[in-house]
């Protein structure tokens, strides 16, 4: 079971005041946090914290039981009220790339008879890769997706999230797109769904833009064969 993250229901709240629940050298546990800790191919948020005695950068996250600790670049033990701030530009680029991955996934799912995702990774340089189970696929057909990708972006489709009972979502064809990994069942027995209006619905825990028009034009950088079954599609944001 997993818990809902604050950022999943409050994606625009990138700064807030929090209370220190526990601390140790190099790590702090807060009562709440705007940070996305990474997962599903999306990189963790970057940002920092400030308190009466100083500032520190957030360098990572780790879980202990149900607690999500923030690693920081100081050994000073912090207490009291702290200001947490997510790096806005980096979060926004992750949102752009993750939504782009969903658009690519939707187009491949439709064009290649329900082909499933076998892997994904967002980069910190305006690029991403998505891998699909596509034995025998024509790589030229994948390269030709650049046009439809940019058409979906230009349509400025709205994006929203909601929660469904996990079993109900699992019974819907195409709601779970990964060949190997199922999305986490939340502690209220639901799963988070990301919907791109008129184009796609699938389970996902990551962060996304509000409309596809927030994504710059994209290029298909490369199509690669990765073994007998996998095809890797590398995409990049123009201007990065």
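The values are calculated or read from the model by the stated rules, or taken from the named source; none is laboratory data. What you are looking at is a predicted structure, and each value in this text was computed from that prediction instead of being measured. Heads up, the Cβs are rebuilt from the backbone with ideal geometry, glycines too, and the neighbour counts pull from every protein chain shown.
What about residue 188, is it within 24 Å of residue 43 (Cα to Cα) and either assigned by TED's automatic domain parsing to the domain that holds residue 43 or in a loop (DSSP other than H, G, I, E, B) (or both)?
no
Specify the residue that is nearest to residue 112 (Cα to Cα); the eligible residues are those in segment 127-180 that are over 19 Å from the mean Cα position of the chain (by Cα) and part of a strand (DSSP E or B).
Ranking the qualifying residues of segment 127-180, first place goes to 133.
Can you find even one residue in segment 217-240 that is more than 20 Å from residue 112 (Cβ to Cβ), at pLDDT below 95 and either assigned to a strand (DSSP E or B) or touching a strand residue (DSSP E or B) at 6+ places or on another chain (Cβ under 8 Å) (or both)?
Yes, because at least one residue in segment 217-240 is more than 20 Å from residue 112 (Cβ to Cβ), at pLDDT below 95 and either assigned to a strand (DSSP E or B) or touching a strand residue (DSSP E or B) at 6+ places or on another chain (Cβ under 8 Å) (or both).
Are any of the residues in segment 82-99 touching a residue at least 24 places away in the same chain (Cβ under 8 Å), touching a helix residue (DSSP H, G or I) at 6+ places or on another chain (Cβ under 9 Å) and either assigned to a loop (DSSP other than H, G, I, E, B) or farther than 30 Å from residue 13 by Cβ (or both)?
Looking through segment 82-99, none of the residues is touching a residue at least 24 places away in the same chain (Cβ under 8 Å), touching a helix residue (DSSP H, G or I) at 6+ places or on another chain (Cβ under 9 Å) and either assigned to a loop (DSSP other than H, G, I, E, B) or farther than 30 Å from residue 13 by Cβ (or both).
Take residue 181 and tell me if it is surrounded by fewer than 19 Cβ atoms within 10 Å (Cβ to Cβ), in the same structural domain as residue 127 (by TED's automatic domain parsing) and within 18 Å of residue 43 (Cβ to Cβ).
yes
How many residues does segment 28-70 contain that are in a strand (DSSP E or B) and under 14 Å from the mean Cα position of the chain (by Cα)?
Result for segment 28-70: 2.
Output the residue which, of all residues in segment 100-117 that are touching a residue at least 40 places away in the same chain (Cβ under 8 Å) and not in a helix (DSSP H, G or I), is surrounded by the most Cβ atoms within 10 Å (Cβ to Cβ).
117
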